[in-house]
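What follows is a single structure, written as structure tokens, with notes after it.
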Amino acid sequence: QQTLLVTKAGDDITGRILSEDGRNVVVSLNPLTPDRVIVAKDELKSRSVSKVSPMPEGTVNVLTQEEILDLLAWLESGVKPGK
């Protein structure tokens, strides 16, 4: 799940919260890179769940209809990876 942080300066930061303490929030901007942003809590204006999927736009466009249906069936089955 992604979180949208809006700073008092008006910057939008969207990513996965890795950790936080009384002063800072550490956000991963991209799960495929080690990029991290540290945001001071006293600089935050708001914090909410992002309504945007972390899945890159157009990812599903390379799948056939059968592959999409297989993926949905697997997701609905609740099978854990590696099982």
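The values are calculated or read from the model by the stated rules, or taken from the named source; none is laboratory data. These figures come from a predicted structure and were not determined experimentally. Every residue, glycine as well, gets a Cβ built from its backbone with ideal geometry; the counts of neighbours run over all protein chains shown. All accessible areas refer to the heavy atoms of the entire protein, side chains included, with ligands and DNA or RNA removed. Shrake-Rupley method; radii C 1.70, N 1.55, O 1.52, S 1.80 Å.
Accessible surface computed residue by residue for region 39-83, with neighbouring protein chains in place and a 1.4 Å probe, gives 92 Å² per residue. This model, with +1 at the C-beta of Lys and Arg and -1 at the C-beta of Asp and Glu, gives the chain a dipole about its Cα centre of some 400 debye. With a simple spin-label model that places each label point 7 Å from the Cα along the Cα-to-Cβ direction, the separation between Val26 and Gln2 comes to 2.2 nm.
Look at the dipole of the chain built from charges on Cβ: of Thr33, Leu75, Val6, the Cα furthest out on the positive end belongs to Val6. Between the entries [x] 1.38; [y] 0.96; [z] 1.11, the label attached to Rg/Rh (Cα atoms, Kirkwood Rh) calculated for this structure is [z].
Taking the accessible area of region 7-76, probe 1.4 Å, and keeping the other protein chains in place, the carbon and sulfur fraction comes to 55%. Our helix-only sum for the chain, with -39,500 (n - 2.57) per DSSP H run of n ≥ 4 divided by its residues, gives a mean residue ellipticity at 222 nm of -5000 deg cm²/dmol. Of all aspartates and glutamates in the structure, the ones whose alpha carbon falls short of 20 Å from that of Lys45, not counting any fewer than 8 places away in one chain, are Asp11, Asp12, Glu20, Asp21. Phi angles of region 65-75 translate, via the Karplus equation with coefficients 6.51, -1.76, 1.60 and θ = phi - 60°, into HN-Hα couplings of 4, 5, 5, 5, 5, 4, 4, 4, 4, 5, 4 Hz per residue; Gly and Pro are given as x. Would you please state which residues of region 44-81 a label at Thr14 would reach in this model, taking the label point 7 Å out along Cα→Cβ and a backbone N cut-off of under 11 Å? Output list for this probe position: 50-57.
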